[in-house]
Amino acid sequence: AAFISGVQLEPDLDEERVTVDVSFNNPRGFYTRLRILMRNPRGEVCEQIKELKLEKENASSRFALKINNLKKNKDIWGLSSPKLFTLELQLEAKGKNKGEVEHSFSVVKTFAFRKFDCIKGDFYLNDSIIKIQGVSYSQHWSEGGLWNADPAKLFKDLEAIQKAGFNAIRSNGAPLSNEALDICDQLGLLVFQEFPIHTMRSTPRGLDEAYRLIAELVSEQKHHPCIVAWILGSENGPLV
């Protein structure tokens, strides 16, 4: 009758909350409840139920979740201690037997609380100045050169970059995949994420396509705590 088609998260460290945008595909005007499970970096899990009346075929819901007892030294994402929260959303449905409840269409997202800033040329992470030591990385497997989507190989590559003394990477020529960003979230690697607009022409149609790609990528990946900046692209002088 309905399913979750998309989830976007916007954590706010100052307000100690995360704003959740949920999109639904709902062809039958389904009435249900949304089950929300959240796990903090200390392994504690809380549950919340939200009533939903999805009147439109493609409905959406926006709400904020307050994070109680957020501990600055145990729950904040950083280079040496990349603390991650996990949010799981499920739709509630009637079970096969009377009074039975089932949960389905589970969507899981990780997020974190951190702050980035650049003041007079200094880069701040969580209100402390850090030195950026970066390298370009294009997600091509070091042994063979082909585009790499294997989580184990990605982890090996990205961990090697970190062990070599780097704390940041620029996705050279194309944006890193969500799989690679998940690993950077876990390792505590900063990412300068590049938009795939290096071949766009400076025509109205090309600009429209660039705007679409940028909006789509930011919407899909903005919950990753590792992303500290977005890069317009490379080899795109005519577009700029």
Residue identified as over 19 Å from Ser234 (Cβ atoms) and not in a helix (DSSP H, G or I) among Phe192, Phe166: Phe166
The stretch 73-84, residues that are open to solvent by less than 30 Å² (accessible area, probe 1.4 Å) and either among the charged types (D, E, K, R) or farther than 12 Å from Arg114 by Cα (or both): Asp75
Inter-residue pairs, beta-carbon under 9 Å, first on the phi < 0 side of the Ramachandran plot and of a type in the set (Ser, Thr, Tyr) and in the stretch 227-240, second modelled with pLDDT of 70 or more and open to solvent by 30 Å² or more (accessible area, probe 1.4 Å), 6+ apart: Ser234/Asn172
Within the stretch 138-156, considering residues that are part of a helix (DSSP H, G or I) and of a type in the set (A, V, I, L, M, F, W, C), the one least open to solvent (accessible area, probe 1.4 Å): Leu154
Evaluation of Ser60 against (1) surrounded by 11 or more Cβ atoms within 10 Å (Cβ to Cβ); (2) free of Cβ contacts under 8 Å to residues at least 60 places away in the same chain; (3) touching a Lys or Arg at 6+ places or on another chain (Cβ under 9 Å) (one fails), failing number: (3)
Yes/no for Leu65 being within 15 Å of Thr110 (Cα to Cα), aliphatic (A, V, I, L, M) and open to solvent by 20 Å² or more (accessible area, probe 1.4 Å): no
Residues that are more than 22 Å from Leu13 (Cα to Cα), assigned to a strand (DSSP E or B) and of a type outside the set (A, V, I, L, M, F, W, C), drawn from the stretch 115-137: Gly134, Ser136, Tyr137
Within the stretch 11-46, tally of residues that are assigned to a strand (DSSP E or B), loosely packed, with under 14 Cβ neighbours inside 10 Å and modelled with pLDDT of 85 or more: 3
Candidates Lys109, Lys50, Lys74, filtered to the one that is within 19 Å of Gln186 (Cβ to Cβ), in a strand (DSSP E or B) and basic (Lys, Arg): Lys109
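The values are calculated or read from the model by the stated rules, or taken from the named source; none is laboratory data. Just so it is clear, the model here is predicted, and its values are computed rather than measured. For neighbour counting, all protein chains shown are included, and Cβ atoms are generated from backbone atoms with ideal geometry for every residue, glycine included. Note: areas computed on protein heavy atoms with side chains; ligands, DNA, RNA excluded. Shrake-Rupley method; radii C 1.70, N 1.55, O 1.52, S 1.80 Å.
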